[in-house]
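**Q** My questions will all concern the structure given below.
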Amino acid sequence: MTDWKTRTKLVHTGARRSQYGEMSEAIFLTQGFVYDTAEQAEARFIKTGEDEFIYARYGNPTVRMFEDRIAAIEGTEDAFATASGMAAVNAALTSLVKAGDHVVAARALFGSCLYILEILGRFGVEVTLVDGTDLSQWEGAVREDTKAVFLESVSNPTLEVIDLKSVSAIAHAKGALVIVDNVFATPTFSRAVELGADVVVYSATKHIDGSGRCLGGVICGTTDYIRKVVEPYLKHTGGAMSPFNAWVMLKGMETLDLRVRAQAANAQGVAEALEGHPAVSQVLYPGLKSHAQHALAMEQMGAGGTVVSFDLKGGKDAAFRFLNALEIVKISNNLGDAKSIITHPATTTHQRLPEDQKALLGITPGLVRLSLGIEDLEDILADIRGALSVI
Ligand SMILES: *Cc1c(COP(=O)(O)O)cnc(C)c1O
């Protein structure tokens, strides 16, 4: 099974069949489990064995299938599924640290990830933020008492790529755990563990579901970290994934590789078409040679990913006119969907950031973030060209 290639694992790994031999993985929509005897219940509370469950907050057969499948794809020993991506980021960090510990994080983070770091600060964890693309800042910030470093391997929305191999080496030299939010890299293009990450976190809401249905998240790591650090925390604080959502994610994974590769090809095509367009001042896409970390992105992911960000010359007015003129591409703040989605970060996802923070992170009034779907590239390009001609 470990010799299987990714596409085979995505379809088969982790499947557990009941006595009925169902083809499609079953949804075990149950909170609890019935024991034959009181002795069996007692034994299970001492130690659960394979295919033995106690309560859905601790684990569930459908959820376990999803966890086993994503761990196999990511190349980690184990995984724990959560109710959302944020539940995963929160548990990955909070389960690990205590007052007095130190955490270093890249400053270009999803707003809710920054909020979690603020909460840690409230409870006495010292947090240092660095420019994730500047290795000397990581060198300077990571100390002997640094418990973890946290980063998004490709940042949102400006698509900066962080050098996982170098940051991991810096962190490991001081004994810190490397926790990577890998949503933008996607499981398809991820080599995070191979490059040194200890823990990989996904919002399954994005590419793993892929059709905009359910929230979900997952933490991938060693058996020791997942079972001794993460599981006790999640089991008692209640961030478990619903069995129904786990089933949706399992179905999503079957087509994950096909979708993500098609989305990345569309993203590359759109990025190339936009570069040099008179209405566009800058295109940010790791798959373009003009991207500051193009070589690193190719080495780390082998592709530019499924999201393209670009700056429109006319600022917010131009951005709004462009968004409003699109027909196929939908205005929304999600990403990773089979449908192409466009976002204006300055007024939505990053609205709450103070202006100087926005400027520091490159979130200009004209910046738009386009998450490519699996539609035909010609149609997407025609839609984008048509909308650009309006502004
Ligand atoms: C969406 C997202 C999250 C949060 O995931 P939810 O499933 O919405 O909770 C965290 N990190 C990144 C990079 C994301 O894009």
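**Q** Using a Förster distance of 51 angstrom, determine the FRET efficiency expected from the C-beta separation of Phe45 and Arg7, and round it to 0.05.
**A** Calculated value: 0.85.
**Q** Can you list the HN-Hα couplings for the range 27-32, worked out from phi with the Karplus curve (6.51, -1.76, 1.60; θ = phi - 60°), rounded to whole Hz and with x for Gly and Pro?
**A** Per residue, the Karplus-derived 3J(HN,Hα) values read 8, 8, 7, 9, 7, x Hz.
**Q** Under 10 Å, Cα contacts only: if you run a Gaussian network model on the chain, which one of Arg259, Arg64, Arg122 comes out with the highest mean-square fluctuation?
**A** Arg122
**Q** Here's another thing I want to ask about it. Can you list the residues, at least 5 places off or on another chain, whose amide H is less than 5 Å from the amide H of Leu284, using H built in the peptide plane?
**A** Amide H neighbours of Leu284, under 5 Å, 5+ apart: Ser309, Phe310, Asp311.
**Q** Wrap a convex hull around the Cα atoms of the range 90-215, take a quarter of its surface area, and give that in square nanometres. Show your work: numbers first, answer last.
**A** Details: hull surface 29.2 nm².
Seen from a random direction, the Cα hull of the range 90-215 projects 7.3 nm² on average.
**Q** Give me the distance in nm between label points sitting 7 Å out from Cα along the Cα-to-Cβ direction at Leu135 and Ile119, one decimal.
**A** Placing both labels 7 Å along Cα→Cβ, they lie 3.4 nm apart.
**Q** Rank Lys251, Lys330, Lys289 by mean-square fluctuation in a GNM of the chain with C-alpha springs under 10 angstrom and give only the top-ranked residue.
**A** It is Lys289.
**Q** What do you get for Rg/Rh over the range 256-390 if you use C-alpha atoms and the Kirkwood form of Rh?
**A** 0.95
**Q** Okay, moving on. Enumerate the calculated ³J(HN,Hα) couplings along the range 196-205 in order (Karplus 6.51 cos²θ - 1.76 cosθ + 1.60, θ = phi - 60°), each rounded to whole Hz, writing x wherever the residue is Gly or Pro.
**A** x, 5, 8, 9, 10, 10, 10, 8, 6, 3
**Q** Let me ask something else. Hey, rough spin-label estimate for Lys316 and Phe244, points 7 angstrom out along Cα→Cβ, what's it come to in nanometres?
**A** Distance between label points: 3.9 nm.
**Q** Got a sec to turn the phi values of the range 312-317 into Karplus ³J(HN,Hα) couplings, 6.51 cos²θ - 1.76 cosθ + 1.60 with θ = phi - 60°, whole Hz, x for Gly and Pro?
**A** Rounded to whole hertz, the list is 9, 4, x, x, 4, 4.
**Q** Expressed in nm to one decimal, what extension gain is obtained for the pair Ala295 and Ala26 from 0.36 nm per residue of sequence separation less their Cα-Cα distance?
**A** Difference between extended and current length: 92.5 nm.
**Q** Counting only heavy atoms of the protein chains, get the accessible area per residue of the range 256-390 (1.4 Å probe) and round it to a whole Å² value.
**A** The answer is 43 Å² per residue.
**Q** Continuing with this model, one more query. Over 25 Å apart: what share of the alpha carbon pairs of the range 6-254 falls there, rounded to a whole percent?
**A** 42
**Q** Straight-line reach from Lys339: which lysines have Cα under 28 Å away, leaving out those fewer than 8 places along the same chain?
**A** Qualifying lysines at Cα under 28 Å: Lys5, Lys9, Lys206, Lys251, Lys289, Lys313, Lys316, Lys330, Lys358.
**Q** Separate question: For the pair Glu52 and His236, what calculated FRET efficiency results from E = 1/(1 + (r/R0)^6), where r is the Cβ-Cβ distance and R0 = 25 Å, to the nearest 0.05?
**A** With R0 = 25 Å, the Cβ-Cβ based efficiency is 0.80.
**Q** Which value, to two decimals, describes the C-alpha radius of gyration of the range 38-157 once divided by 2.2 N^0.38 Å?
**A** The reported ratio for this selection is 1.33.
**Q** What Kirkwood hydrodynamic radius do you get for the range 166-275 when you take the inverse of the mean 1/r over all pairs of distinct Cα atoms, in Å?
**A** About 15.8 Å for the range 166-275.
The values are calculated or read from the model by the stated rules, or taken from the named source; none is laboratory data. The structure displayed is predicted, hence computed values, not measured ones. As a convention, Cβ positions derive from the backbone with ideal geometry for all residues, glycine included, and neighbour counts pool all protein chains shown. SASA here: full protein model, heavy atoms, side chains in, ligands and nucleic acids out. Shrake-Rupley method; radii C 1.70, N 1.55, O 1.52, S 1.80 Å.
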